[in-house]
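Below is one structure, written out as structure tokens, with a few remarks after it.
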Amino acid sequence: MPTYSVDSQLPSFYERARSATVTLPVYAGGSSPVVPNSGTFTLYDITKAVITTGAATFPSGIATFTVSAAVLPVTAPLSGFYQEEWVLTFGSHVETFRRDAYLCLRLLHNVVTETMLVRRVSDLAAIRPPTITSYEPYIQEAWGICQRTLLQDGRRPYLAMNDYAFADWVCALTLELAMRDFATYTGEGRFSAEADKYRMDADKAFDRLKLEYDMSEQNVRSAAISGQSAQPVIYTNYSPASAYRMWGPRRV
């Protein structure tokens, strides 16, 4: 029996009162998704109550389901503990896949495009290998890395109300991924050096990243807490220049 894997780098984010189409590409040792014979999708809330369920469809061979806006009303409690369950049948074998999901007030959108990349590096089209037709895969990969970084640091990216703040970070990381890939065509040299430079730019952009964070979840910008660092702040103690004891000061 093959080992199945899924191309799913992020949890799903649902916005209240808005329909959403979710997909789950499944692979079994190949470069193209393996097509299930049939499947069922179920979305659960935090209490494991069923929000919606139904048969999945497979356009282009990818498991797909549309969650209607009606099952996610504006009165539904916001939650970071929804869960998707995909039960897919491959021949005589049934495989179950689960993915975390969030019910949010608003969705965060990527602000980096290929047009922006070209504005920063005008010869991108000229240096692109002939087998690569677009920078979109690098953009999407960088966007996923950025959101995962925030989630793993305990941040919830969908609460960020100033999406423009992500531009420099995502752009630098996109260019690093592209240059690192181009270096596989040419070996060490210009592209490796450029990748290292953009890696440093991405790290600096992340260190500078400040969010307008909707901690109260009111979806009102004026109520957001501004100046929230993307990475947690850690306070440490240090030894004082001198310490005192009963018989006089002691240098430390």
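The values are calculated or read from the model by the stated rules, or taken from the named source; none is laboratory data. None of the values given here were measured: they were computed from a predicted structure. For neighbour counting, all protein chains shown are included, and Cβ atoms are generated from backbone atoms with ideal geometry for every residue, glycine included. Calculation scope for accessible area: heavy atoms of the full protein, side chains included, ligands and nucleic acids excluded. Shrake-Rupley method; radii C 1.70, N 1.55, O 1.52, S 1.80 Å.
Here the sum of -39500 (n - 2.57) over DSSP H runs of 4 or more residues, divided by the residues of the chain, equals -8500 deg cm²/dmol at 222 nm, to the nearest 500. The accessible surface of the stretch 171-210, taken with every protein chain in place and a 1.4 Å probe, is 54 percent carbon and sulfur.
If only the Cβ of Lys and Arg carry +1 and only the Cβ of Asp and Glu carry -1, the dipole of the chain around its Cα centre is close to 900 debye. For the chain, the solvent-accessible area with a 1.4 angstrom probe is 56 square angstrom per residue.
Using the Cα gyration tensor of the stretch 1-125, with a ≥ b ≥ c the square roots of its eigenvalues, what is the shape: rounded (a/c below 1.5), prolate (a/b larger than b/c) or oblate (neither)? Oblate is the answer for the stretch 1-125, as a/c is 1.5 or above yet b/c matches or exceeds a/b. When the alpha carbon coordinates of the chain are projected onto the principal axes, the ranges are 81, 52, 42 Å, largest first. Spin-label model, R208 to V35: label points 7 Å out along the Cα-to-beta-carbon direction sit 4.9 nm apart. Using the Cβ-Cβ distance between V50 and S122 with R0 set to 41 Å, the FRET efficiency works out to roughly 0.20.
The loop-placed trypsin sites (Lys or Arg not before Pro) in the stretch 1-82, going by DSSP, that have at most 11 neighbouring Cβ atoms within 10 Å of their Cβ come out as K48.
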